[in-house]
Amino acid sequence: MLKGRYGKHGGQYVPEILMNTINELEESYNYYKNDFDFNRELDTLLKEYAGRPSLLYFAKKMTEDLGGAKIYLKREDLNHTGSHKINNVLGQVLLAKKMGKKRVIAETGAGQHGVATATVAALMGLECEIFMGLEDTKRQALNVFRMELLGAKVHPVTSGTQTLKDAVNETFREWASRMEDTAYILGSVMGPHPFPMIVRDFQSVIGKEVREQILEKEGRLPDVAMACVGGGSNAMGLFYDFIGDKSVELIGCEAAGKGVDTEFHAATIAKGQLGIFHGMKSYFCQDEYGQIAPVYSISAGLDYPGIGPEHASLHDTNRAKYVPVTDAEAVAAFEYLSRTEGIIPAIESSHAVAHAMKIAPKMEKDKIIVICLSGRGDKDVAAIAKYMGVNINE
Amino acid sequence: MSKISNAFKNGKSFIGFLTAGDPSLEKTEEFVMEMVKAGADLIEIGIPFSDPIAEGEVIQRANVRALSNGTTMDKVFETVKRIRQKTQVPLVFLTYLNSVFTYGYDHFFRQCSEYGIDGVIIPDIPFEEKGELMPFSDKYNIDIISLIAPTSEERINKLASCAKGFVYCVSSKGVTGVRNEIKTDLKSIVSSIRSVTKVPVAVGFGISTPQQASDISKYADGIIVGSAIVKIIEEYGNDAAKPLYDYVSELKKSIK
């Protein structure tokens, strides 16, 4: 039987050398996800270490200014380490520890997943090594320093395009050479089964909280739930609990970079083709021979040529809609939210904010949009300054 | 019986790997013939891929060189056609699944059969997912080579029992590349495989010296050398024919 399928997507396309290891991971996860002590421990960590539940904030000024639907922000940026990544990492590292692993490895794009992994590894006393594209270590130098402060070793990846996809390649290569004592803490709802399932389950806390919070504040479910999508973990976390609620429109915002009609984008749903890569069948930006495309986005976190298999399936069945958002629109939204609400969002999350700015004014005032603010923008300030031509190194 | 079995008819088999299009497809044709002259019993031709996750740095670099030369699947097939006019040595492709999937499973296997490819090694498809390829490999009689790793353990039975052509036994954990020392208990893995199948067992990953080749060939039916060959091509470029001939001859002698 084929495991881990979402429609025609998903699967376990990995070298034989890793099969025993990922089967062992699946068995352990299936055991611990129903284990009372594991769940209690994770719940305590989420509450007392990560700072959950995160706030659901009514963006009053933004709502008034846009003059349409009511806008709520799910404040994942307020989590410890500044993004939603901590939810998944606490779960996976705790699982690794239960499995007796001594060392964790992870890939990172913008550095948020790397920082979260380094943080939790420090907390739980595990050795930690992070693989990050050389190009990304330059644009996210602050996060590299943060990971090193936390005791992790950061390996700049010089192969390929030197960005996130190459960091993923390198982490798989490292895992294939040492799997007995090492867990791969995968950062998004992608990769071979069971990763898309595990990461989605650990991130689904976002949507569960949104449901409770919005019911309490508004007495009903939102009309739109939206989030940015690279691999798609914050979006999947937000969407998952609402998939059965057909009245809730799900929107993923992917990186259109300099435009989907240029070569410089990472808009997988808009421009990608069905393929098999990084352990999964899904949509990928690639050429006519299946060579994976060198994608581009101002946001290192969305700069990935694929999308998680469950998203690909939600797209196929029209349950979720995926829209491209350009760098320019994201930067404008970054500034807009900073000035309007006093919240500096991650450039990734700004893609979702940008789309809300487009659709909210056209919606009735009694409609509700929830935007997942996946992370905070501190890490992006230098990149935005550079984009705007401002020199902040005085 | 597929033609691959011919590679194991005359004693221990030497299997050489190179990346198609490195440094050019004309040179690939020349180097294949040189290895055959030097005694190679089977040639593995790597179809370059942008993200070869099972390869170490040497073969990754060869993939980059080949792709930057404009090497494509269609051009590799054309090269195979020319090679087939000169030799009947068994030929096997090494390719990543996305290349095959995008080309189209039926199209790919049909071409393999028309152009004279005998088998295919796909590092990123495990036993569990092989089902989607089987109808096509069966239809065109192209063997999908089973890989067995030091971590396969209780999976060996399952993997070996459906093996065709030869079993590719991976010598060590990690990715392809030259290793100073191979610590895996290959002897016991090979004997586990032998207890399940009569298909020949070849060992690859990390083999570069005559001593390693000689040691391993004592219990395996063949040895596979990739990175060491690609390294010679990297070093000598267009002039690699002579050093390749010398190297392959030496290794082939060591496994007699």
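When A:Ile214, A:Ile198 are checked against the criterion of being in a helix (DSSP H, G or I) and under 20 Å from the mean Cα position of the chain (by Cα), A:Ile198 stands alone in meeting it.
Scanning segment A:68-78 for residues that are crowded, with 24+ Cβ neighbours inside 10 Å and touching a Gly at 6+ places or on another chain (Cβ under 7 Å) yields one hit, A:Glu76. If you check B:Phe108, B:Phe136 for being within 11 Å of another protein chain (Cβ to nearest Cβ), in a helix (DSSP H, G or I), of a type in the set (Phe, Trp, Tyr) and more than 16 Å from the chain's Cα centre (by Cα), only one passes: B:Phe108.
So is A:Ile251 farther than 21 Å from A:Pro345 by Cβ and among the β-branched types (Val, Ile, Thr) or not? Answer is no for this residue.
Taken over segment A:24-37, the residue count meeting the criterion of being surrounded by fewer than 16 Cβ atoms within 10 Å (Cβ to Cβ) and not in a loop (DSSP other than H, G, I, E, B) is 6. Of everything listed in (1) more than 7 Å from every other protein chain (Cβ to nearest Cβ); (2) open to solvent by 30 Å² or more (accessible area, probe 1.4 Å); (3) of a type in the set (Val, Ile, Thr), the single unmet condition for B:Ile83 is (2). Mind listing whichever residues of segment B:141-165 are facing chain A (nearest Cβ under 8 Å), over 11 Å from B:Phe127 (Cα atoms), open to solvent by 20 Å² or more (accessible area, probe 1.4 Å) and within 20 Å of the chain's Cα centre (by Cα)? Result: B:Pro150, single match.
Taking the listed residues A:Arg52, A:Arg40, the one that is basic (Lys, Arg) and assigned to a helix (DSSP H, G or I) is A:Arg40, with no other qualifying.
For segment A:144-167, state whether one or more residues are more than 9 Å from every other protein chain (Cβ to nearest Cβ), touching a Lys or Arg at 6+ places or on another chain (Cβ under 8 Å), in contact (Cβ under 8 Å) with a residue 60 or more places away in the chain and not aliphatic (A, V, I, L, M). Within segment A:144-167 (the criterion being more than 9 Å from every other protein chain (Cβ to nearest Cβ), touching a Lys or Arg at 6+ places or on another chain (Cβ under 8 Å), in contact (Cβ under 8 Å) with a residue 60 or more places away in the chain and not aliphatic (A, V, I, L, M)), the answer is no, since none of the residues qualifies.
When A:Pro294 is tested against (1) surrounded by 21 or more Cβ atoms within 10 Å (Cβ to Cβ); (2) touching a Ser or Thr at 6+ places or on another chain (Cβ under 8 Å); (3) closer than 30 Å to A:Ala176 by Cβ, only condition (1) is not met. Tell me, please, whether a residue that is part of a loop (DSSP other than H, G, I, E, B) and either of a type outside the set (Phe, Trp, Tyr) or farther than 16 Å from A:Arg200 by Cα (or both) can be found in segment A:248-256. Within segment A:248-256, one or more residues are part of a loop (DSSP other than H, G, I, E, B) and either of a type outside the set (Phe, Trp, Tyr) or farther than 16 Å from A:Arg200 by Cα (or both).
Scanning segment B:111-133 for residues that are at the interface with chain A (Cβ under 8 Å from one of its Cβ atoms), in a loop (DSSP other than H, G, I, E, B) and open to solvent by 10 Å² or more (accessible area, probe 1.4 Å) turns up B:Pro123, B:Asp124, B:Ile125.
Looking across segment A:5-21, the residues that are under 21 Å from the mean Cα position of the chain (by Cα) and either closer than 26 Å to B:Glu153 by Cα or open to solvent by 10 Å² or more (accessible area, probe 1.4 Å) (or both) come down to A:Arg5, A:Tyr6, A:Gly10, A:Gly11, A:Gln12.
Would you check if there is a residue in segment A:230-246 being part of a strand (DSSP E or B) and crowded, with 17+ Cβ neighbours inside 10 Å? No: segment A:230-246 contains no residue that is part of a strand (DSSP E or B) and crowded, with 17+ Cβ neighbours inside 10 Å. Within segment B:166-180, the set of residues being away from chain A (no Cβ under 14 Å) and of a type outside the set (A, V, I, L, M, F, W, C) comprises B:Asn180 only. Residue check: B:Leu94 meets all listed conditions (1) open to solvent by less than 10 Å² (accessible area, probe 1.4 Å); (2) out of contact with any helix residue (DSSP H, G or I) (no Cβ under 7 Å at 6 or more places or on another chain) but one, namely (1). The set of residues in segment A:302-313 being away from every other protein chain (no Cβ under 14 Å) and in contact with a Lys or Arg (Cβ under 9 Å, 6 or more places away or on another chain) consists of A:Asp303, A:Gly308, A:Glu310, A:Ala312, A:Ser313. Considered as a group, the residues in segment A:278-291 that are facing chain B (nearest Cβ under 8 Å) and among the aromatic types (Phe, Trp, Tyr) include one that is most open to solvent (accessible area, probe 1.4 Å), and that residue is A:Tyr289.
The values are calculated or read from the model by the stated rules, or taken from the named source; none is laboratory data. Values in this document were obtained by computation on a predicted structure and should not be read as measured data. Neighbour counts run over all protein chains shown; Cβ positions are idealised from the backbone, glycine included. Calculation scope for accessible area: heavy atoms of the full protein, side chains included, ligands and nucleic acids excluded. Shrake-Rupley method; radii C 1.70, N 1.55, O 1.52, S 1.80 Å.
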